[in-house]
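Structure first, then comments.
Just so it is clear, none of the values below were taken in a lab; they were calculated from the coordinates. The structure displayed is predicted, hence computed values, not measured ones. Virtual Cβ from ideal backbone geometry, glycine too; neighbours counted across all protein chains shown.
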Amino acid sequence: MRSAGVLPDETVLEVGTGLGILSCALAARARRVITLEVDAGLVRALRAEALLPPNVELVHADALAVDWASLVAGAGGAVRIVANLPYSVATPLLRRFLDVAPRLRGWAVMVQQEMAQRLTAEPGGPGYSSLCVIHAWCAEVRGSFPVHPRCFHPVPRVRSTFLWLVPRVPSPLASPRELERLEATVRAGFAHRRKTLANSLAHAASFDPEQVSRTLARLGLDPRVRAEDLPPRVWLKLARQLPISREESMS
């Protein structure tokens, strides 16, 4: 819990209650815990056996379908996310956390080692990706350490990493709309990693090839550059200057 940074005045949102082991540990430290569990059988067992402390609210819900903005707002006060994320849905959940990042004190998650490497990769490296670029503008990784497979039961075949992130305050992004714009640009750029950035963007339906060429030239970027070579600061400049529709390019 020390690594997760949980404080006594906080409400913790947990993804994946399981048998409630982490939920109980969080409840001993936090003011309140709201834990999400998608498995109906586990929810029935936890409620029937009263396995969770009084300050834990068990919610039968799919974390991918939850309205995270409403959940965070309803939690009230200081909110933190702590979760051993299911590896199959870690990427979309991490993206959803960014939408509510300004309202969080932070989020501490257990993820697959490869996912952690993607979030902390440097430009030019094999793990550098659109998710890494987007995170760079919304959050800062404050802590990271590997967790041996023998710490889990049953022992998994993959290695895990614990990450502790905090939102960038104040946000360097002008608005949630700018995050959407950045994401659209970055995802289009990384969509065809074997192509040059110019070709990858030109193949995206949202971008006009002529505008792509002019914008790259205006920023002094070599048309042969590839998406993985651009640092996050250049990606933001590109997103701010590149029209994302033909109507916008004509305005």
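For the reader, a short list of remarks on this structure follows.
- Directionally averaged projected area (convex hull, Cα atoms, segment 117-161), nm²: 4.0 nm²
- Counted by Cβ distance under 12 Å from LEU22, the other residues give a net charge of -1, where Lys and Arg count +1 and Asp and Glu count -1.
- Average silhouette area of segment 10-167, convex hull of alpha-carbon atoms, in square nanometres: 9.4 nm²
- Computed over the chain with a Gaussian network model linking Cα atoms closer than 10 Å, the most mobile of CYS24, CYS138, CYS151 is CYS151.
- Enclosing the Cα atoms of segment 176-250 in their convex hull gives a volume equal to 77 cubic angstrom per residue.
- Bins of 10 Å from zero: percent of alpha-carbon pairs in segment 1-68: 22, 53, 24, 1
- A P(r) calculated from all alpha carbon pairs of segment 81-231, with 5 Å bins opening at zero, reads 2, 9, 17, 19, 18, 14, 10, 7, 3, 1, 1, 0 percent.
- Other residues within the sphere of radius under 14 Å centred on the Cβ of SER129, judged by their own Cβ, net out at 0 (K and R +1, D and E -1).
- Protection proxy ranking, highest mean first, for peptides 127-133, 51-57, 141-147, 161-167: 127-133, 161-167, 51-57, 141-147, where packing is the per-residue count of other beta-carbon atoms within 10 Å, averaged.
- Around the amide H of ILE34, modelled in the peptide plane, lie the amide H atoms of VAL12, LEU13, GLU14, GLU57, all under 5 Å away and 5 or more residues distant in sequence or on another chain.
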